[in-house]
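Read through the structure below, which is laid out as structure tokens, and then see the notes.
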Amino acid sequence: MPNSIEKWTLNVTDEQSLPLPQDAEILCIRIEDGRPQLWALVDYDKPIVIRKFFTYYSGQVAIPVGDLGQYVGTYEIDFVFHVFEKS
């Protein structure tokens, strides 16, 4: 199967896991219909893996010290949220 660009709905929560094809390339996060959506370039011939995403809002004081992971994107729903992926 050729590559495809697909989207997943993100929950507005601190931590979540998404099943994505291995090596899926995160393209962006945007608001659509009032909900954050993640778009990724995927190859459905690859096995599905669970990837972990962490969300922090601007001004949040309880952000863990150390490696936040790979920055994925930012979206705004009342607050400004920043999403990181950590393996």
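The values are calculated or read from the model by the stated rules, or taken from the named source; none is laboratory data. It should be emphasised that the depicted structure is a prediction, and the values quoted were computed from it without experimental measurement. Virtual Cβ from ideal backbone geometry, glycine too; neighbours counted across all protein chains shown.
Points worth noting:
- Tally, over the range 31-51, of residues that are closer than 14 Å to residue 9 by Cα and surrounded by fewer than 15 Cβ atoms within 10 Å (Cβ to Cβ): 5
- In the range 52-75, of all residues being at pLDDT below 90 and among the hydrophobic types (A, V, I, L, M, F, W, C), the one that is farthest from residue 14 (Cα to Cα) corresponds to 65.
- Qualifying residue in the range 53-63 (condition: exposed (fewer than 12 other Cβ atoms within 10 Å of the Cβ), free of Cβ contacts under 8 Å to residues at least 40 places away in the same chain and of a type in the set (A, V, I, L, M, F, W, C)): yes
- Cβ-Cβ under 7 Å pairs, at least 6 apart or on other chains, the range 21-41 side under 20 Å from residue 76 (Cβ atoms), far side β-branched (Val, Ile, Thr) and part of a loop (DSSP other than H, G, I, E, B): 36/12
- Tally of residues being of a type outside the set (A, V, I, L, M, F, W, C) and touching a Pro at 6+ places or on another chain (Cβ under 6 Å) across the range 7-42: 1
- Whether a residue is within 14 Å of the chain's Cα centre (by Cα) and within 17 Å of residue 7 (Cα to Cα) was assessed, and residue 73 passes this test.
- Flag for residue 71 being surrounded by 14 or more Cβ atoms within 10 Å (Cβ to Cβ) and hydroxyl-bearing (Ser, Thr, Tyr): no
- On the stretch given as the range 12-55, residues that are aromatic (Phe, Trp, Tyr) and over 11 Å from the mean Cα position of the chain (by Cα) total 1.
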